[in-house]
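Q: Please read through the structure below; I'll follow up with questions.
The values are calculated or read from the model by the stated rules, or taken from the named source; none is laboratory data. Predicted model only: the values in this text are computed from it and were never measured. Every residue, glycine as well, gets a Cβ built from its backbone with ideal geometry; the counts of neighbours run over all protein chains shown.
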Amino acid sequence: MKVSDLLNNGFLEITLPDGDREIDGVYIGDLLSWVMGRASQDNAWITIMSNINVIAVATLADTACVILAEDVDLPEDVKAQAEIKDINVLKSPLPIYETAVRLHELLS
Amino acid sequence: MKELSLNILDITENSVKAGAALTSILVDEEGNTLKLTIEDNGSGMSEEVLKGVTDPFYTTRTTRKVGMGLPLLKLAAEQTGGYMTVQSKTREADPEDHGTKVEALFYQDSIDFTPLGDVVSTICTLIQGHPDTDFYFRHKIRKPDKDVLVEMDTRQIREVLDGVPLNEYEVIKWIEEYLNEQYTGPHDTE
């Protein structure tokens, strides 16, 4: 499933510079140093963190997209950096668990 | 990082890479704050580089695009309501007094405070990995229910060892016990 396919399925776009990217698996975590070493390439990463370091970790781990749960928004400067670094960021109004369940339904 | 001691390890590795002969690691706990200071006499950073160090997309490493040591320490401090500052002077700017000083203040009563963790292990890991550079470690706790001062200086240990490398197993073990004893008080041994 492509990242852009999430848009009609309850996920909202924050920035989508690389929407054709395929999602393979899901990772959840808010402790950035932990996520950095554990999220796999092409994962959709669900978090409630929204500072600039999130974009750096997504770059390092090479995740397919970042999904901000609980309607968390991205500050403008962080959004700009995400665009520069080709990092897809979406958001979901649901809490993390329900966001993951929704992704599971879509991906399987 | 799950423990501040892992941040300490990360930041101190930068000091060693900057050619520091001596790196000081100071932890001061007083009231509801914990102040972490890591100061080295390495090559220092130019003003331009210094401006970029808290930007996660800045790095001195060529193998990855972003350096996360200082950005993560800054985040950890700010999450508790504290701050992080970095000061630096290059060898070119001052051949007599150069190096880098990182200072981070944490509020320990914040729910997002990361515990210090196993700082003794961190110190031992550093000495083991870099037996030819010197480390000074001091942990001060000044609280109504706790008054602790732990100190270690590899320059002094080196003098006593008279040529024995600091990363010998027995030496590291001794340093570990030496530090632990200062935290808990001496134990009777058989």
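Q: Would you check which residues across the range B:15-62 are more than 25 Å from residue A:53 (Cα to Cα), part of a loop (DSSP other than H, G, I, E, B) and not hydroxyl-bearing (Ser, Thr, Tyr) and list them?
A: Within the range B:15-62, B:19, B:20, B:21, B:31, B:32, B:41, B:42 meet the criteria.
Q: Give the range B:115-130 a look and list any residue that's loosely packed, with under 15 Cβ neighbours inside 10 Å and either β-branched (Val, Ile, Thr) or over 20 Å from residue B:35 (Cα atoms) (or both), or say none.
A: Scanning the range B:115-130 gives a single hit, B:129.
Q: Also, quick follow-up: Which ones in the range B:51-75 are more than 14 Å from chain A (Cβ to nearest Cβ) and at pLDDT 90 or above?
A: Result: no residue meets the conditions.
Q: When residue B:78 is evaluated against the numbered criteria (1) modelled with pLDDT of 95 or more; (2) surrounded by fewer than 21 Cβ atoms within 10 Å (Cβ to Cβ); (3) more than 14 Å from chain A (Cβ to nearest Cβ), which criterion, by number, is the only one it fails?
A: With respect to (1) modelled with pLDDT of 95 or more; (2) surrounded by fewer than 21 Cβ atoms within 10 Å (Cβ to Cβ); (3) more than 14 Å from chain A (Cβ to nearest Cβ), residue B:78 is out only on (3).
Q: If you scan the range A:15-43, which residues turn out to be exposed (fewer than 15 other Cβ atoms within 10 Å of the Cβ) and among the hydroxyl-bearing types (Ser, Thr, Tyr)?
A: Passing the criteria: only A:40.
Q: Going through the range A:19-56 one residue at a time, which ones are part of a loop (DSSP other than H, G, I, E, B), closer than 22 Å to residue B:55 by Cα and touching an Asp or Glu at 6+ places or on another chain (Cβ under 6 Å)?
A: A:48, A:49
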